[in-house]
Amino acid sequence: MLAIIPARGGSKGIPGKNIRLLCGKPLIAYTIEAVLASVLIDRIIISTDDPKIAEVARQYDVEIPFMRPKELAKDDSLAIDNYIYTIDRLNKEFDNNYEEFVVLLPTVPLRLSEDIDKAIELFHNKNAESVISCAEVGHPLEWICSINDHGVIQRSNDVDIKKMMNRQESQAGYIPNGAIFVFKHSLLKEKCSYYSDKTYAYVMPPERSIDIDTESDFEFVEFLMRKRDFNA
């Protein structure tokens, strides 16, 4: 199975985030090391537009067969377009025939190699078109609301008020955590979507599901790693 680690250089929230040191190692290194420990991944590709990220990644014995075009690395660029571009180019220019692949965001450093392998196994066992790692939302779906421009709380008309009052009766909600995506190339290419009626969830615990997007996220993950002696 091919693994793609997408790492563009234009992070605004945390400049240089993908190669910023986290407990002494570049953030991207944790994802690379998890993939290297996987028993079901046989090739790792870094997709980046940034020479500094490429230089750091190459120290960990991974491939960068080509740099990502700038138009696929903008703030408003769609990730799915980059995945399609990467697989198409690998297949056309490098004589590959990839029909399925894994995407692993470098901003989820607490995922384990076992998570990657179990998600791939689920993908194959279910003959899925995609598998997306998820974490349970900490509150019932009925509690989620929006707030309008005047600060007024707005709720869906079909919300069960009784369930809002009784958490035990509510259905659990889940959200993609960014750690693992397993795709059939044809799903992305034909439907331009991550989802179909053959999309399955690989559920991960919250403590391995933190996706670093802010300074607070970065500090919290660093705290957890130090507490668990992550590098021991």
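The values are calculated or read from the model by the stated rules, or taken from the named source; none is laboratory data. All values reported here derive from a predicted model rather than from experimental measurement. Neighbour counts run over all protein chains shown; Cβ positions are idealised from the backbone, glycine included.
Assorted remarks:
- If only residues of the range 194-210 that are assigned to a loop (DSSP other than H, G, I, E, B) and in contact with a Leu (Cβ under 7 Å, 6 or more places away or on another chain) are counted, the one that is farthest from Ile180 (Cα to Cα) is Ser196.
- Residue check, Tyr85 among the aromatic types (Phe, Trp, Tyr), surrounded by fewer than 22 Cβ atoms within 10 Å (Cβ to Cβ), more than 28 Å from Lys126 (Cβ to Cβ) and without any contact (Cβ under 8 Å) to a residue 60 or more places away in the chain: no
- Residue that is at pLDDT below 95, surrounded by 11 or more Cβ atoms within 10 Å (Cβ to Cβ) and more than 19 Å from Ala34 (Cβ to Cβ), where the choices are Asn157, Asn166: Asn166
- Screening Cys145 on (1) of a type outside the set (Gly, Ala, Ser); (2) over 27 Å from Pro15 (Cβ atoms); (3) modelled with pLDDT of 95 or more shows it passes everything except condition (3).
- Considering only residues in the range 88-101 that are out of contact with any strand residue (DSSP E or B) (no Cβ under 6 Å at 6 or more places or on another chain) and assigned to a loop (DSSP other than H, G, I, E, B), the one that is surrounded by the most Cβ atoms within 10 Å (Cβ to Cβ) turns out to be Asn96.
- Note on the range 126-150: among residues that are surrounded by 15 or more Cβ atoms within 10 Å (Cβ to Cβ) and of a type in the set (Gly, Ala, Ser), the one that is nearest to Ser193 (Cα to Cα) is Ser130.
- In the set (1) touching an Asp or Glu at 6+ places or on another chain (Cβ under 8 Å); (2) without any contact (Cβ under 8 Å) to a residue 12 or more places away in the chain; (3) of a type in the set (D, E, K, R), Lys70 fails one condition alone, (2).
- Pairs where the first residue, in the range 18-38, is farther than 17 Å from Val103 by Cβ and the second is of a type in the set (D, E, K, R) and not in a helix (DSSP H, G or I), C-beta under 8 Å, 6+ apart: Pro26/Arg20
- Subset of the range 83-112 that is aromatic (Phe, Trp, Tyr) and more than 13 Å from Ile5 (Cα to Cα) - its residue that is modelled with the lowest pLDDT: Phe94
- Residue match in the range 35-48 (condition: basic (Lys, Arg) and modelled with pLDDT under 95): no
- All positions within the range 41-83 that are of a type outside the set (A, V, I, L, M, F, W, C), part of a loop (DSSP other than H, G, I, E, B) and within 24 Å of Glu100 (Cβ to Cβ): Asp42, Thr48, Tyr60, Asp61, Pro65, Arg68, Pro69, Ser77
- Taking the listed residues Ile19, Ile64, Ile53, Ile32, the one that is closer than 27 Å to Thr199 by Cα and either touching a strand residue (DSSP E or B) at 6+ places or on another chain (Cβ under 7 Å) or modelled with pLDDT of 95 or more (or both) is Ile32, with no other qualifying.
- For the range 99-125, the set of residues classified as under 17 Å from Thr199 (Cβ atoms) and among the basic types (Lys, Arg) consists of Lys118 only.
- Taking the conditions (1) in a helix (DSSP H, G or I); (2) of a type in the set (A, V, I, L, M); (3) touching an Asp or Glu at 6+ places or on another chain (Cβ under 6 Å) in turn, Val108 satisfies each one other than (1).
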